[in-house]
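Visitor: Structure in structure tokens, see below.
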Amino acid sequence: MNENNPLYRADALTAFADTLLQKAGLAAPMAAVVARTLVEGDLLGHDTHGLALLVGYVKEVESGGMTRDGAPTVLSDRPAAVLWDGMRLPGPWLMDQGMDLLVPRARQLGTASLVIRRSHHIACLAVYMLRALEEDMLMVLACSDPNTASVAPFGGTRAVFTPNPLAMGFPLTQGGVMVDISASITTNGTSNRKRAAGETFAEDWLIDATGKPTNNPQALFDQPPGTLLPVGGLSHGHKGYGMALLVETLTAGLAGHGRADPAEGWGATVYVTMHDLNAFGGKDAFLRQMDHVAQQCRDNAPVDSSKPVRLPGQGGLARRESQMRNGVRLHPSIAAALQPVEARHGLALADARL
């Protein structure tokens, strides 16, 4: 085993995170869901939104920034449209509860939507797309954080948005599609990691406070701060700007809670909709269409013959299967970041190694 880059057992990582969260004070049912969600992020290869978040979550539990127990407040409940106040409860647990609510309603009504205001951070959006594949549904998920900003509107220099991720998942006859993208070219998590490592981006994905393009993530931390560029960059950033506005309307707009309200700390406003395939053209017809499109994508002549065209989520699902079987490779920064909190609570990540 490579001591500098070890492999870990997925179930042991989940148990480690679960125990650590409980020792920090999070209710046991919530800790179990959060732990499972974070490890799933790493299994899928989203290593900035897996266990890399655990230290921050533990600190939020300990400080009271994340509510340790309780239930969301139901603010509005119509058969196909529900609004919750998440009460700053753990985002992954709220998502788990929300999908449990929506799936039977979507089966009955065809479509069901939930918006959550004042959720805590919900981690990796792609993880929730696994539920869409399991339930034979089309799922759409969007998230914004009204408490911070790092992305300027196209043509501007002052941050208004977060990266505002948007995700979609649906089944195919073999596997499925899981889209997890953001309205900005890159994310805060990736920028933070590169800055900590003294690295820069390969291209100019940011601008400084004067609007000058830069590849240095340090620009986000300068005073005054720079911003991430929206998808489309310097020439076509109106596309990402439009995506960011779409996410804001689905989350803050429908929730009636967002950037117009006082900041409360690291968190999220969430939109999720489940569509039952049988409520429209039917599952068989859906698969006939989407299998055809998927095959056209896979068979497409690649620009580089060594890099065939893949479907969104294809690599993640393959990586998940491989890591479940052979062990999880965590980003090297994760173990180092966990050392202070695991020592404080008498745990050892190393115990989860293969």
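Visitor: Suppose each label sits 7 Å from its Cα in the direction of the beta carbon; what would the Asn278-Arg344 distance come out to in nanometres?
Guide: According to this spin-label approximation, the distance is 5.0 nm.
Visitor: Residue by residue, what Karplus-based ³J(HN,Hα) values in Hz, rounded to whole numbers, does region 202-210 have, using 6.51, -1.76 and 1.60 with θ = phi - 60° and x for Gly and Pro?
Guide: 5, 9, 7, 9, 9, 10, 7, 5, 8
Visitor: With each label point set 7 Å from Cα along the Cα-Cβ vector, what nm distance links Lys59 and Gln108?
Guide: In this crude label model, Lys59 to Gln108 measures out at 4.3 nm.
Visitor: If packing is taken as the mean number of other Cβ atoms within 10 Å per residue, what is the order of 257-268, 53-64, 240-251, 87-98, highest first?
Guide: 87-98, 240-251, 53-64, 257-268
Visitor: Modelling each spin label as a point 7 Å along the Cα-to-Cβ direction, I'd like the Asn5/Ser333 distance in nm, to one decimal.
Guide: Result for the modelled spin labels: 1.6 nm.
Visitor: If I stretch the segment between Asn300 and Glu199 completely, what's the gain in nm (0.36 nm per residue apart, minus their alpha carbon distance), one decimal?
Guide: That works out to 32.9 nm of additional length.
Visitor: OK, next. How much length is gained on full extension from Lys239 to Arg288, taking 0.36 nm per residue of separation minus their Cα-Cα distance?
Guide: Working it through step by step, the gained length comes to 14.6 nm.
Visitor: Still on this structure, I have one more. Could you name the aspartates and glutamates whose alpha carbon sits less than 15 Å from that of Lys283, not counting residues in the same chain fewer than 8 places away?
Guide: Glu134, Glu135, Asp136, Asp291
Visitor: Please give the length that would be gained between Arg325 and Lys307 if that part of the chain were fully extended, namely 0.36 nm times their separation in residues minus their C-alpha to C-alpha distance (nm, one decimal).
Guide: Stretched out fully, the Arg325 to Lys307 stretch lengthens by 4.0 nm.
Visitor: I've got another one for you. For Ala260, what charge total do you get from the other residues with a beta carbon under 15 Å from its beta carbon, if Lys and Arg give +1 and Asp and Glu give -1?
Guide: -1
Visitor: Which lysines does Lys212 reach when only Cα atoms under 26 Å apart count, and residues fewer than 8 places away in its own chain are ignored?
Guide: Of all the lysines, those that pass the test against Lys212 - Cα under 26 Å, at least 8 places apart if same chain - are Lys194, Lys239.
Visitor: How far is the Cα center of region 310-354 from the Cα center of region 133-208, in Å?
Guide: 21
Where a number appears in this text, it was derived from the coordinates with a stated rule and is not lab data. In this text the structure is predicted, and so the values were computed from the model without any measurement. FYI the Cβ positions are ideal-geometry reconstructions off the backbone, even for glycines, and counts take in every protein chain you see.
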